[in-house]
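Each remark here refers to the structure printed beneath this line.
The values are calculated or read from the model by the stated rules, or taken from the named source; none is laboratory data. A quick note: this is a predicted structure, and the numbers were derived from the prediction, not measured. We place every Cβ from the backbone using ideal geometry, glycine too, and count neighbours over all the protein chains shown.
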Amino acid sequence: MENCLYCKNKEKLDSLMIYIADLKVCKLYLFKEQTYYGRCVIAYKDHNVDFTELNAEESAAFISDMQTVGRAIMKSVNPAKVNYGMFSDTLPHLHVHIVPKQKDGYGFGGTFEMNVNPPKYLSDAEYKEIIDKIKSNL
């Protein structure tokens, strides 16, 4: 836990993501890299390594947060599909990447790429615009 991005490494977290909101049991962040416009992450409020560590009530609340964000992204950016990825090989904290994909957009039809090259970053005004859209649809 001492090196956990979500628990202890605020400087690195802030370099990668922008905090949006607290949910039932998660925190919602917008990824700064926006090849997939609207890409977010939800991170569980407590340091849990795996989804299987949650009890039934906690896992239901976690899934509810994931659905809430997925619906907000659908309304905010109107993607063809929203993908959900739970990867914890190198980051032992329960989190889910919530990735909107456009039919004619980057990577449609395949697994989303974590580190796109070249990366796509937005202006401060563009970050504010998408965050405001997501917040208004939560």
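A single entry from Ala72, Ala61 fulfils the requirement of being crowded, with 16+ Cβ neighbours inside 10 Å and touching a Leu at 6+ places or on another chain (Cβ under 8 Å): Ala72. Applying the set (1) at pLDDT 95 or above; (2) surrounded by fewer than 18 Cβ atoms within 10 Å (Cβ to Cβ); (3) charged (D, E, K, R); (4) within 15 Å of Cys26 (Cβ to Cβ) to Glu53 leaves exactly one unmet item: (1).
Return a yes/no flag: does the stretch 32-43 have any residue that is of a type in the set (Val, Ile, Thr), in contact with a strand residue (DSSP E or B) (Cβ under 6 Å, 6 or more places away or on another chain), outside any helix (DSSP H, G or I) and over 20 Å from Glu129 (Cβ atoms). Within the stretch 32-43 (the criterion being of a type in the set (Val, Ile, Thr), in contact with a strand residue (DSSP E or B) (Cβ under 6 Å, 6 or more places away or on another chain), outside any helix (DSSP H, G or I) and over 20 Å from Glu129 (Cβ atoms)), the answer is yes, since at least one residue qualifies. Within the stretch 100-138, if we keep just the residues that are surrounded by 13 or more Cβ atoms within 10 Å (Cβ to Cβ) and touching a Pro at 6+ places or on another chain (Cβ under 9 Å), the residue that is modelled with the lowest pLDDT turns out to be Gly105. For the stretch 110-138, the candidate set comprises residues that are part of a loop (DSSP other than H, G, I, E, B) and hydroxyl-bearing (Ser, Thr, Tyr); within that set, the residue that is nearest to Leu16 (Cα to Cα) is Tyr121.
The residue that is farthest from the chain's Cα centre (by Cα), counting only those in the stretch 1-46 that are within 17 Å of Val69 (Cβ to Cβ) and of a type in the set (Gly, Ala, Ser), is Ala21.
Of all the residues in the stretch 14-45, those that are over 25 Å from Lys75 (Cβ atoms) and either without any contact (Cβ under 8 Å) to a residue 12 or more places away in the chain or crowded, with 19+ Cβ neighbours inside 10 Å (or both) number 1.
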